[in-house]
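Okay, structure first, notes after.
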Amino acid sequence: MNLRINGKSTTLPHPQTLEAYLASRNLDPAVVVIELNESIVPKDKWAQTLLAEGDSLEIVSFVGGG
Amino acid sequence: MSDKLIIGGVTLPSRLFLGSGKYSSNTLIPAIVEASGAGVITVAVRRVDPEAGQENILTHIPKTCILMPNTSGARNAAEAVRIARLARAAGCGDWIKIEVISDNRYLLPDNQETIEATRILAAEGFTVLPYMSPDLMAAKRMAEAGAAAIMPLGAPIGTNRGFRTKELVRIMIEELELPVIVDAGIGRPSEACECMEMGAAAVLVNTAVASASDPVAMGRAFGQAVAAGRAAFLAGPGAVQESAKASSPLTGFLHE
């Protein structure tokens, strides 16, 4: 399954939920915000949101800045 | 005496705002916040590297601070709005520093796009603090669009060049009802103090502290300078004279 994650083409071996993908990457759900196809996905929807072929995913967090 | 700075319904403990960028280590941040007394701290929103994981800067920011995410990286109003919505979805409040920049050499903000982003985000309930090029008319448009404060630059971002825009900012302070916060370019505590003596509501510094040899001590110095400048403003500085006016009596001289 091919999708874009943070602007990069990525292949995932099998369909998975957002929650499962974050866990597989060791990304702390408390820290990140997710936009799927340019819509923000609330945290309480991550467990039932299934990633699909062609999806565009943005995963962001806060960093130092002025 | 009551001298409170209230923005977005929040009474702030200090008139110094701090940026969180460019420190040699984020672990310095708690000590800098404590030493400076800053009550508002900025952060940026960036993509996470899914391969490398991420450090959570929020673990270094005291919970007593108001978090003010910026929209740095936005080149137009639409991008700023997108970043602001992502920032709010993190669940750390609704303050946003709008920063729309398409000039890569001087990093000067685009006032027109900033006005538009202010309008959209204020309507969505954000507490909007636009970073802008000092211009009274643009600031008035931002006020009409729902800004909670106006943040003109003192000099280009990260330059430590000081309060170069003072004539324009002075007019903005005089003419605007909203708090005017000098953001960017301030390099020395004396310059922050000058902003405050002039009547600025607050000063935002980042590079000046982050690039100091001792950022904690510099943070403390900025906190003191901002407080001193505010006290001087409230005290009402005396008039400037063209020629000397003796401070000692002009009578009873020994040679008389």
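The values are calculated or read from the model by the stated rules, or taken from the named source; none is laboratory data. What you see is a predicted model; the values in this text were computed from it and never measured. Methodologically, a virtual Cβ is constructed for each residue, glycine included, from the backbone with ideal geometry; neighbour enumeration extends over all protein chains shown. These area figures cover heavy atoms from the full protein model, side chains too; ligands, DNA and RNA do not enter into them. Shrake-Rupley method; radii C 1.70, N 1.55, O 1.52, S 1.80 Å.
Below, the figures for the structure above:
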| item | result |
| --- | --- |
| Normalised per residue, the volume of the convex hull around the Cα set of chain B (Å³) | 164 |
| Positive-end extreme of charge dipole, chain B - chosen from B:LEU12, B:LEU86, B:VAL240 (charges on Cβ) | B:LEU86 |
| Space enclosed by the convex hull of the alpha-carbon atoms of region B:127-170, per residue, Å³ | 63 |
| Placed amide H near B:ILE98: partners under 5 Å, 5+ positions off or other chain | B:LEU129, B:TYR131 |
| Cα-based Rg and Dmax for region B:1-134, where Dmax is the largest Cα-Cα distance (Å) | 15.3, 54 |
| Carbon plus sulfur fraction of accessible area for chain A, probe 1.4 Å, in percent | 52 |
| Placed amide H near B:ALA74: partners under 5 Å, 5+ positions off or other chain | B:ILE101 |
| Overall Cα dimensions of chain A - principal axes, largest extent first, Å | 38, 24, 22 |
| For region B:94-105, 3J(HN,Hα) per residue [Karplus equation, 6.51 cos²θ - 1.76 cosθ + 1.60, θ = phi - 60°, Hz, x = Gly/Pro] | 10, 7, 8, 8, 7, 9, 10, 9, 10, 9, 7, 8 |
| Gyration tensor (alpha-carbon) shape descriptor, region B:173-228, a/c threshold 1.5 | prolate |
| GluC sites (Glu not before Pro) within chain A: DSSP coil, no more than 11 neighbouring Cβ in 10 Å | A:GLU38, A:GLU53 |
| Qualifying lysines (Cα of each under 20 Å from Cα of B:LYS97; at least 8 residues distant if same chain) | B:LYS22, B:LYS63, B:LYS140 |
| Contact surface A-B: accessible area buried, both sides summed, square angstrom, 1.4 angstrom probe | 2300 |
| Peptide B:36-46, shielding by other chains (average Cβ, 10 Å cutoff) | 3 |
| Two-decimal log10 I(q)/I(0) for region B:83-201, as the Debye equation yields it once each C-alpha is a single scatterer, q = 0.14, 0.21, 0.23 Å⁻¹ | -0.55, -1.15, -1.28 |
| In order through region B:184-189: 3J(HN,Hα) via Karplus (6.51 cos²θ - 1.76 cosθ + 1.60), integer Hz, x for Gly, Pro | 5, x, 5, x, 10, x |
| Radius ratio Rg over Rh of the protein assembly as shown, counting only Cα atoms, Kirkwood formula for Rh | 1.08 |
| Alpha-carbon Debye profile of region B:132-256, log10 I(q)/I(0) at 0.11, 0.20 Å⁻¹ | -0.45, -1.07 |
| Peptide-level mean, for B:87-93, of C-beta atoms on other protein chains within 10 Å | 4 |
| Cα point-scatterer Debye curve for region B:1-40, base-10 log of I(q)/I(0) at q = 0.20, 0.24, 0.33 Å⁻¹ | -0.65, -0.81, -1.13 |
| Rg over Rh, two decimals, region B:57-118 (C-alpha only, Kirkwood Rh) | 1.03 |
| Phi to ³J(HN,Hα) by Karplus 6.51 cos²θ - 1.76 cosθ + 1.60 over region B:110-127, Hz, x for Gly, Pro | 8, 4, 4, 5, 5, 4, 5, 5, 4, 4, 5, 6, 5, 5, 8, x, 6, 8 |
| Point-to-point label distance, B:ALA78-B:ALA246, nm (Cα→Cβ direction, 7 Å offset) | 7.3 |
| Folded to 0 to 90 degrees: helix B:77-89 orientation relative to chain B principal axis, Cα | 80 |
